[in-house]
Amino acid sequence: MNLNNAKYDWAKKMYTVMIWNFRVPEKISGLNEDSIQYRDELTDDERKAFDWIISFLIFLDSMQTANLPNLSEYITAPEVNLLLAIQTFQEAIHSQSYAVILESVVDAQKRDEIYYFWREDSFLLERSKYIGGLYQDFIDEANDKNFFKAMIANYLLEGLYFYNGFAFFDTLCDQQKMKATDRMINYIRRDELSHVTLFANMFKELRREFPHMRDEALIKELFTEAVQQEIKRSHHILGDRIVWINWRNTEIYTKRLANDRLRQIDIAPLYPDVGVDDNPYQHLARLQDNNGEKWNFFESTVTNYVQSNTMSGSREDF
């Protein structure tokens, strides 16, 4: 692993960024106050959405931790292997982050229910099986097409599914609710943005070096299905029951996210009627400014990378 002679210069830069993102979930303070708010101040619909969405995020991170090594096994660039190893570690830290939230906020019986919602909720099971099935195809038959499908699955999971979940917690925080939980989510999202950037770069290198593997029609097909599933999910878990985050806003936000993720890998938007200014969640950027961090939710660049214990620090641009 000769990292002084790396083929991909962007990977060397990303290594520094991802290493500086290290944090210890147990050091997040204020979760006891969140426990009181969860019990006494959230509406029944807000609690239901909180439980469902955090359950979904836990399941996704669990799949990432298990499946990233399968992709890395077929990548020969050591600097990219290194980044995938760091990503795998970070996904495990995310699982621990959610565990810390649940241990602090809900009682033991409720924790077990949240971890295994996928057994009881058909929508959650459907959502989890979709990405899991794309990964499983590659495990069952490791060929070029299934490798490419697994890369798309990763990109969808990191850049679309996670971000929709994060938007819920950010919007709760904007209502002065569950602020410590959202602080934990901020750290997780910071990692996920680097993962989105990693796979966007991998897609671009794949197009240059193995153009026969790049199937834009397949990318659009899987993106379309993922967006439709997210819209169905928002009807199921949100509907119009929570005024400040509902299925209509989620639909616009999801389509905009999809457009941007496609744009990052040089593919035309799927939803040209949704423009870059169509953002129903303007408060997201404001929240980050208040925390001393500046992330662009719809771009592949990050303008401020920080160590976890300070929430302010060195700048590193891709």
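The values are calculated or read from the model by the stated rules, or taken from the named source; none is laboratory data. None of these values were measured; they are calculated from a predicted model. No Cβ is skipped: glycine too gets one built from the backbone with ideal geometry, and neighbour counts run over all protein chains shown.
Since Thr88 meets every condition but one in (1) modelled with pLDDT under 95; (2) of a type outside the set (Phe, Trp, Tyr); (3) surrounded by fewer than 20 Cβ atoms within 10 Å (Cβ to Cβ), which condition does it not meet?
For Thr88, the exception is condition (1).
Which count do you get for residues in segment 61-93 that are under 20 Å from Pro25 (Cα atoms) and of a type outside the set (Val, Ile, Thr)?
10
Of a type outside the set (S, T, N, Q), within 30 Å of Ala180 (Cβ to Cβ), touching a Gly at 6+ places or on another chain (Cβ under 8 Å) and buried (at least 16 other Cβ atoms within 10 Å of the Cβ) - does that describe any residue in segment 28-47?
Among the residues of segment 28-47, not one is of a type outside the set (S, T, N, Q), within 30 Å of Ala180 (Cβ to Cβ), touching a Gly at 6+ places or on another chain (Cβ under 8 Å) and buried (at least 16 other Cβ atoms within 10 Å of the Cβ), which makes the answer no.
Would you point out the residue of segment 224-240, among those that are modelled with pLDDT of 85 or more and charged (D, E, K, R), that is surrounded by the most Cβ atoms within 10 Å (Cβ to Cβ)?
For segment 224-240, the residue satisfying everything is Glu230.
Only one of Asn259, Asn201, Asn246 is within 30 Å of Pro25 (Cα to Cα) and without any contact (Cβ under 8 Å) to a residue 24 or more places away in the chain. Can you tell me which?
Details: Asn259 fails: within 30 Å of Pro25 (Cα to Cα); Asn201 fails: without any contact (Cβ under 8 Å) to a residue 24 or more places away in the chain.
That would be Asn246, the only listed residue that is within 30 Å of Pro25 (Cα to Cα) and without any contact (Cβ under 8 Å) to a residue 24 or more places away in the chain.
Taking the criterion of being among the hydroxyl-bearing types (Ser, Thr, Tyr) and farther than 27 Å from Phe50 by Cβ, would at least one residue in segment 193-210 satisfy it?
Looking through segment 193-210, at least one residue is among the hydroxyl-bearing types (Ser, Thr, Tyr) and farther than 27 Å from Phe50 by Cβ.
With respect to Asn201, determine if the residue is part of a helix (DSSP H, G or I), among the polar types (S, T, N, Q) and modelled with pLDDT under 90.
Against the criterion (part of a helix (DSSP H, G or I), among the polar types (S, T, N, Q) and modelled with pLDDT under 90), Asn201 does not qualify.
Which of the numbered conditions does Leu3 fail, given that it passes all the others? Conditions: (1) surrounded by 14 or more Cβ atoms within 10 Å (Cβ to Cβ); (2) of a type in the set (A, V, I, L, M); (3) over 16 Å from the mean Cα position of the chain (by Cα); (4) under 18 Å from Leu198 (Cα atoms).
Tallying (1) surrounded by 14 or more Cβ atoms within 10 Å (Cβ to Cβ); (2) of a type in the set (A, V, I, L, M); (3) over 16 Å from the mean Cα position of the chain (by Cα); (4) under 18 Å from Leu198 (Cα atoms), Leu3 fails exactly one: (1).
Mind checking which residues of segment 126-160 are surrounded by 14 or more Cβ atoms within 10 Å (Cβ to Cβ) and among the polar types (S, T, N, Q)?
Hits for segment 126-160 are Ser128, Gln136, Asn146, Asn154.
Select, from Glu221, Glu230, Glu225, the only residue that is within 22 Å of Tyr116 (Cα to Cα) and either touching a residue at least 24 places away in the same chain (Cβ under 8 Å) or in a helix (DSSP H, G or I) (or both).
On the way: Glu221 fails: within 22 Å of Tyr116 (Cα to Cα); Glu225 fails: within 22 Å of Tyr116 (Cα to Cα).
Exactly one residue qualifies, and that residue is Glu230.
Kindly provide the set of residues from segment 111-149 that are farther than 25 Å from Arg39 by Cβ and of a type in the set (Ser, Thr, Tyr), ordered by number.
Correct list: Ser122, Ser128, Tyr130, Tyr135.
Where in segment 94-190 are the helices (runs of 4 or more DSSP H), entirely inside, with at least 2 residues that are under 27 Å from Met18 (Cβ atoms) and in contact (Cβ under 8 Å) with a residue 12 or more places away in the chain?
Passing ranges, in order: 122-140, 144-156, 162-174.
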